[in-house]
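Here is the structure we will look at, set down as structure tokens.
The values are calculated or read from the model by the stated rules, or taken from the named source; none is laboratory data. Predicted model, so just to flag it, every value in this text is computed and none were measured. Backbone-built Cβ (ideal geometry, glycine too); neighbour counts: all protein chains shown.
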Amino acid sequence: MKLFETIKLTFTQVEEIKKLSTYPFYREGECLMYVNKQEKCYFARAISEFFSVTQITRDMEAGIYSDDLSICTSLGEETVSVFRSVFSKKNFQELNQYGLRYDNSAIPLLLKYIAISEGQAPSVTKYKSVGWVQQEQEGTKFFGLSLMDSFQYVGEKDLTSIGSLNDYVAEVNRLVVGHAGLEISLATSLSAAVIGLLSTQQPMESLMIHFFGTSSCGKTTALQLAASVWGNPEMGKGILSSWNATDNALLTKLNNNYGVVACFDESSSMQRDFSKIIYAISQNTGKARLSKDCQLQKERKFCTSIISSGENSLLAASNKNAGLRARLLEFFNAPLTENAEHSDAIKQFVKTQHGTLGAEFVTALASQKDSVANMMQKWEKKLKKELKKKLTRECILEDRLIFKYAIILLTASITRDQLGVHFDLGGMENCLISHYRSLAFENNLGMNAYDQIMEWLVKNASHIMLKDYLPASTPVEGIFLSGNKVALLKGTFEKILHDSGFTDTKVVAQELKRLNLLIPESPDRLTARVVINRIKVPCYRLKINSEVINWLNAQAEQKIKGNDLEF
């Protein structure tokens with residue numbers, strides 16, 4: 001049969017063709033035939049090379065449909081995927097690029113044939129999202145792990161499972177339990193499913209923890225263990241990645257993740273300020289961007305758990321804003337592996353056993369998903385009670401920190417009770433309380449800033465006027481005042497804080513005022529007008545601590561001996 005050729009059909013041929021589900025269309029060799037009745041006779045015309053719809057695909061994230069076509073071209077059979085928008089009189093010619101030859105006058109008939117072919121083709125929903133996703137008809141389901149017939153995961157994460165749950169749990173109980181750092185890493189990995197689930201019920205921040213310290217303490221092993229909960233723990237397989245990437249690339253790896261852990265290793269490989277990426281991760285979104293044609297692109301969204309490692313602190317390489325410490329939990333030299341042999345045993349174990357615990361945990365979580373929020377509240381109350389017993393000093397970030405601790409411990413509790421992992425909840429709780437204790441002492445924004453200012457004052461006392469005296473050609477940064485006070489010029493005060501990593505001068509000044517270390521001109525102000533070189537200028541007026549006063553007095557005595565100047 002030649003393309004565009006017309007043949008007359010016998011009665012027997014017509015009766016056989018009418019039995020076909022695609023009638024009045026049928027295949028003859030490599031041509032698509034259309035049957036047409038003229039008076040009492042039937043004719044069939046080859047209106048195009050043969051093609052058929054083999055599968056209808058829906059992109060779950062974009063909401064776009066496409067058809068997979070099998071086309072008989074002059075060079076052989078081709079399989080292509082085209083958007084359904086092509087199937088119109090206006091756009092049908094786009095099929096030319098795929099080698100399809102057809103009669104232009106028969107496009108309305110070809111569109112009718114496509115509709116018939118689609119009705120007989122299987123459909124599949126392809127998706128890149130992982131975790132808890134809300135669907136209008138199906139409700140909230142966990143995507144990425146189950147092999148549903150009509151759903152196909154096409155993301156970059158290797159979420160395959162190897163081995164059995166029983167063997168995995170047995171090895172965890174043998175190699176992991178009793179090592180608080182490893183237990184926290186494992187529970188944080190599983191907590192991704194808890195966070196993703198809660199994000200469908202209430203506003204949630206992603207949970208991010210960072211292990212740092214010496215190179216031999218088992219940090220990478222802890223990340224491989226965490227990755228093995230959900231799938232392949234090998235570097236570059238989608239769950240475990242390197243920090244050696246741009247912020248945009250890192251956020252792309254998190255996109256559409258609502259329940260599977262993301263691990264980033266070797267933060268020390270990049271010299272950068274981590275402030276922006278920490279804020280972006282905790283807020284579950286990337287930066288708004290424009291496309292090449294200046295259209296606003298869809299923001300990256302996620303809500304999950306992130307585990308990081310490196311030799312250095314991420315917070316030390318970030319600004320000093322207190323809020324960062326609530327967004328990132330850092331553990332310095334946490335109790336991870338005992339030695340190299342212990343680390344190697346865990347690495348070998350997760351190579352041959354992975355991807356089973358996460359799937360079973362999701363099943364256990366799904367059976368009680370309506371009560372998870374209440375269980376969280378109980379853990380929060382318990383932790384607050386324990387902190388009051390063991391600590392006298394409070395942290396300004398208490399509620400936010402306790403919420404994150406509660407997620408980790410709730411996850412460990414569910415896993416212990418329903419899946420047989422013998423988490424040492426007491427040891428984990430003690431490790432988290434130690435973390436809280438360290439923050440309670442270091443995370444005082446006002447005192448940290450005040451210490452930086454006093455340190456600067458010691459180094460730069462020669463730039464501060466002593467009454468009306470300042471050595472010639474020395475830049476004036478402020479003036480010492482009676483009553484053990486100093487007035488720093490606004491620009492000087494702001495530069496000290498900026499150089500020390502504090503990004504918001506007013507927030508710091510408010511905290512210093514609250515601590516009664518900053519003495520403004522009036523209760524509704526932060527600055528005071530002070531006379532320097534016979535000019536009244538706005539300054540930040542601060543108390544000087546006793547150690548700096550003693551040092552200044554010692555310096556003054558030396559000057560008196562040298563040139564009879566008086567402090």
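Quick notes on this one:
- Filter pass, Asn244 being surrounded by fewer than 15 Cβ atoms within 10 Å (Cβ to Cβ), out of contact with any Leu (no Cβ under 8 Å at 6 or more places or on another chain) and part of a loop (DSSP other than H, G, I, E, B): yes
- Residue selected from the range 159-203 under the condition in a loop (DSSP other than H, G, I, E, B) and within 16 Å of Ala412 (Cβ to Cβ), by the criterion farthest from the chain's Cα centre (by Cα): Gly178
- Cβ-Cβ distances below 9 Å connect the following pairs, each with a first residue in the range 399-422 that is free of Cβ contacts under 8 Å to residues at least 24 places away in the same chain, a second residue that is outside any helix (DSSP H, G or I) and aromatic (Phe, Trp, Tyr), and a separation of six or more residues or different chains: Arg416/Phe423.
- Scope the range 79-127; condition over 30 Å from Gly144 (Cα atoms) and among the acidic types (Asp, Glu); matching residues: Glu94, Asp103
- Given (1) touching a Cys at 6+ places or on another chain (Cβ under 8 Å); (2) buried (at least 19 other Cβ atoms within 10 Å of the Cβ); (3) closer than 15 Å to Ile114 by Cα, index of the condition Ala46 fails: (3)
- Residue in the range 401-421 that is on the phi < 0 side of the Ramachandran plot, in a helix (DSSP H, G or I) and modelled with pLDDT under 90 present: yes
- Taking first residues from the range 168-186 that are farther than 16 Å from Thr220 by Cα and partners that are of a type in the set (Phe, Trp, Tyr) and modelled with pLDDT of 95 or more, the Cβ contacts under 9 Å between residues at least 6 apart in sequence or on separate chains come to Tyr168/Phe349; Glu171/Phe349; Val172/Phe349; Arg174/Phe349; Val177/Phe423.
- Residue in the range 441-451 that is at pLDDT 90 or above and either over 27 Å from Leu329 (Cα atoms) or assigned to a helix (DSSP H, G or I) (or both) present: yes
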